[in-house]
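Here the structure is laid out as C-alpha cells; the discussion comes afterwards.
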Amino acid sequence: MRLEGLNHITAITGDAPRNVDFYTGVLGLRLVTKTVNQDDPTVYHLFYADEQGSAGADLTFFEYPGAARGQVGVGCAYRVLSRVGSPDSLAFWADRLAEHGVAVEQGSNEVRFADPEGLEHELIVEDVPDEPLRAEHPDIPPEHALLGFAGVRAYSMRPQASRALAVDVLGALGEETLELRGERRGATITFDPAPPGRLVQGAGSIHHIAWGTTVAEHPLWHEHVNAAGVRSTPIIDRHFFHSIYFREPGGVLYEIADDGPGFAHDVPIAELGRQVVLPPWLEPRRAEIEARLTPLPDPRAGWPAGGSGG
Ligand code: ZN
C-alpha cells in the first residue's frame, strides 16, 4: 500500500470573504465547496482546488470569524508547496503576486509568498509524472496555473521520530525530504528545525494535512497505523471522503483520507462552490446554519459568459 501524496491541506482563516478573494481571485483556484465545519457547523469549511475538485489540489479552510493571527512553532506544518509548469510560470507568479500587492521572494526554482493572514506558500517546478490539476481563471493562462500540491514543510518537536513514522509506518522514501508516492500522485514532507516561540493556532495556521488513499485501501490504512501502535480516530464519514486522524510524534496532526465520493457527489461539476453543501445529517438544520454564515459571493459571478463551462 502506498499513500497518494497529499489528499488535502486544511488551514484556518479569520476572514472568509478575503480568503475567497485571495485564493480564487489572485491564485486562481476554484472554490469547489462551501460547506460547514462538521465539528462546529456555525462556521464555514471552504475548499479550493482544481476545476474538478480533485484530491491532490484541495486546500481547505476552517473559518473562525475574526480569529487572531496564529504563530508558527514546533508541531505544525507551516508551508504549502504547489507545483507550477515551468520557470516562466514562476516569473508569471512573481509578477502577478507583486501586482496584487503580495510580497514575493524569488529563488532559482521557487517563488515564496504568504496569503493575507500569513500562511506561507511556495511555488516550485518539479519533474514528476503527476496529472496536472488546474483550475480555470480568465487572467491566468492555463500553462501558468497552479497544478496541485508538491508537499509541505513542517516543524517537528522530534524530527527523528517524525521521519521514522513517515518512513516505517506511512512508507515515505528519502532522507531530509520525504516523499509519499502512490500509483497516481506523490508529495513530500520536510521537517525543519523549529523556530523559537510557541505554536499558536490561529488565522493563517495549517490545522492538519491529509495523506491520500483510495476508497478500497482506506480501511486497511486504519488497521495498519493502529497495528503499528499509532492511536488514530475511528474512520469518520466526512461526506465527501472518509478520514482517520492521528498526531505524529513531532506534533503535526495527520489525516488519511480517501478519494471518494468527492464534491460532484451532490452537485454537477459546473455548479461546484455556488451553494452551501451540507451532509445529509445537517440538512434539516440548513435554514438555521445558513442564517449564521458570513454571506460569500460566487467568485465566478462576474466571469465572461461561457468562460467556466466546467
Ligand atoms: Zn482534513
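The values are calculated or read from the model by the stated rules, or taken from the named source; none is laboratory data. As the structure is a computational prediction, the values presented were derived from the model and not from experiment. Backbone-built Cβ (ideal geometry, glycine too); neighbour counts: all protein chains shown. SASA here: full protein model, heavy atoms, side chains in, ligands and nucleic acids out. Shrake-Rupley method; radii C 1.70, N 1.55, O 1.52, S 1.80 Å.
Of everything in the range 13-23, what is crowded, with 21+ Cβ neighbours inside 10 Å and closer than 16 Å to Ser82 by Cα? Give them in sequence order.
Tyr23
Identify the residue in the range 275-297 that is free of Cβ contacts under 8 Å to residues at least 40 places away in the same chain and in a loop (DSSP other than H, G, I, E, B) and, among all such residues, is farthest from the ligand (Cβ to nearest atom).
In this case the residue turns out to be Pro295.
May I ask you to verify whether Leu282 is in contact with a Pro (Cβ under 6 Å, 6 or more places away or on another chain) and within 30 Å of Phe22 (Cβ to Cβ)? It would help to see each step written out before you state the result.
On the way: in contact with a Pro (Cβ under 6 Å, 6 or more places away or on another chain): yes; within 30 Å of Phe22 (Cβ to Cβ): yes.
Criteria met by Leu282.
Please go through the range 299-310 and give me each residue that is over 15 Å from Asn19 (Cβ atoms) and either open to solvent by 50 Å² or more (accessible area, probe 1.4 Å) or modelled with pLDDT of 85 or more (or both), ordered by number.
Here is the first cut: in the range 299-310, the ones over 15 Å from Asn19 (Cβ atoms) are 300-310.
Arg300, Ala301, Gly302, Trp303, Pro304, Ala305, Gly306, Gly309, Gly310 - these are the residues of the range 299-310 that are over 15 Å from Asn19 (Cβ atoms) and either open to solvent by 50 Å² or more (accessible area, probe 1.4 Å) or modelled with pLDDT of 85 or more (or both).
Can you name the condition, by its number, that Asp39 falls short on among (1) surrounded by 20 or more Cβ atoms within 10 Å (Cβ to Cβ); (2) within 16 Å of the ligand (Cβ to nearest atom); (3) on the phi < 0 side of the Ramachandran plot?
The one condition Asp39 does not meet is (1).
Scanning the range 217-244 for residues that are among the acidic types (Asp, Glu) and either open to solvent by less than 20 Å² (accessible area, probe 1.4 Å) or outside any loop (DSSP other than H, G, I, E, B) (or both), which turns out farthest from the ligand (Cβ to nearest atom)? Working first, answer last.
Of all residues in the range 217-244, those among the acidic types (Asp, Glu) come to 217, 223, 237.
Still in the running and either open to solvent by less than 20 Å² (accessible area, probe 1.4 Å) or outside any loop (DSSP other than H, G, I, E, B) (or both): 223, 237.
Working: Glu223: 20, Asp237: 13 Å.
For the range 217-244, the residue satisfying everything is Glu223.
Arg163 - would you say it is away from the ligand (no atom under 16 Å from the Cβ) and not hydrophobic (A, V, I, L, M, F, W, C)? I'd like the intermediate steps shown before the answer.
On the way: away from the ligand (no atom under 16 Å from the Cβ): yes; not hydrophobic (A, V, I, L, M, F, W, C): yes.
So Arg163 fits the description; yes.
Is it fair to say Gly85 is modelled with pLDDT under 95 and over 15 Å from the mean Cα position of the chain (by Cα)? Show your work before the answer.
Values: modelled with pLDDT under 95: no; over 15 Å from the mean Cα position of the chain (by Cα): yes.
So Gly85 fails the test.
Looking at (1) within 16 Å of the ligand (Cβ to nearest atom); (2) surrounded by 15 or more Cβ atoms within 10 Å (Cβ to Cβ); (3) not small (Gly, Ala, Ser), which is the only condition Arg247 fails?
(2)
Within the range 140-164, restricting attention to residues that are open to solvent by 10 Å² or more (accessible area, probe 1.4 Å) and under 13 Å from Gly75 (Cβ atoms), which residue is nearest to the chain's Cα centre (by Cα)?
Across the range 140-164, the extreme among qualifying residues is Tyr155.
Specify the residue that is nearest to Ile140 (Cα to Cα); the eligible residues are those in the range 95-127 that are surrounded by 18 or more Cβ atoms within 10 Å (Cβ to Cβ) and more than 19 Å from the chain's Cα centre (by Cα).
Residue satisfying both the conditions and the ranking: Arg96.
Residues Glu175, Glu131: which one is farther than 23 Å from Ser243 by Cα, under 21 Å from the mean Cα position of the chain (by Cα) and either within 16 Å of the ligand (Cβ to nearest atom) or open to solvent by 30 Å² or more (accessible area, probe 1.4 Å) (or both)?
Numbers: Glu175 fails: under 21 Å from the mean Cα position of the chain (by Cα).
Just a single option satisfies the conditions, and that option is Glu131.
What about Tyr254, is it assigned to a strand (DSSP E or B) and in contact (Cβ under 8 Å) with a residue 40 or more places away in the chain?
Numbers: assigned to a strand (DSSP E or B): yes; in contact (Cβ under 8 Å) with a residue 40 or more places away in the chain: yes.
Answer is yes for this residue.
Would you check which residues across the range 181-196 are of a type outside the set (Gly, Ala, Ser) and within 16 Å of the ligand (Cβ to nearest atom) and list them?
Residues of the range 181-196 that are of a type outside the set (Gly, Ala, Ser), as a first pass: 181, 183-185, 188-193, 195-196.
Passing the criteria: only Ile189.
Of the residues that make up the range 196-216, is at least one surrounded by 14 or more Cβ atoms within 10 Å (Cβ to Cβ), in a helix (DSSP H, G or I) and not basic (Lys, Arg)?
Step one: of the range 196-216, the residues surrounded by 14 or more Cβ atoms within 10 Å (Cβ to Cβ) are 199, 201-214.
Retained after the next criterion (residues that are in a helix (DSSP H, G or I)): none.
Within the range 196-216, not a single residue is surrounded by 14 or more Cβ atoms within 10 Å (Cβ to Cβ), in a helix (DSSP H, G or I) and not basic (Lys, Arg).
Pairs needed: first member in the range 197-216, away from the ligand (no atom under 16 Å from the Cβ); second member anywhere, open to solvent by less than 50 Å² (accessible area, probe 1.4 Å) and outside any loop (DSSP other than H, G, I, E, B); C-beta distance under 6 Å; at least 6 residues apart or different chains.
Pairs that qualify, where the first residue is away from the ligand (no atom under 16 Å from the Cβ) and the partner is open to solvent by less than 50 Å² (accessible area, probe 1.4 Å) and outside any loop (DSSP other than H, G, I, E, B), are Leu199/Cys76; Ala203/Ile12; Ala203/Thr13.
Starting from residues that are within 17 Å of the chain's Cα centre (by Cα) and outside any strand (DSSP E or B), keep the ones in the range 257-271 and report whichever is farthest from Leu6 (Cα to Cα). Full working, then the answer.
Of all residues in the range 257-271, those within 17 Å of the chain's Cα centre (by Cα) come to 257-260, 262-263.
Still in the list and also outside any strand (DSSP E or B): 258-260, 262-263.
Details: Asp258: 10, Asp259: 11, Gly260: 14, Gly262: 15, Phe263: 17 Å.
Taking the candidates together, the pick is Phe263.
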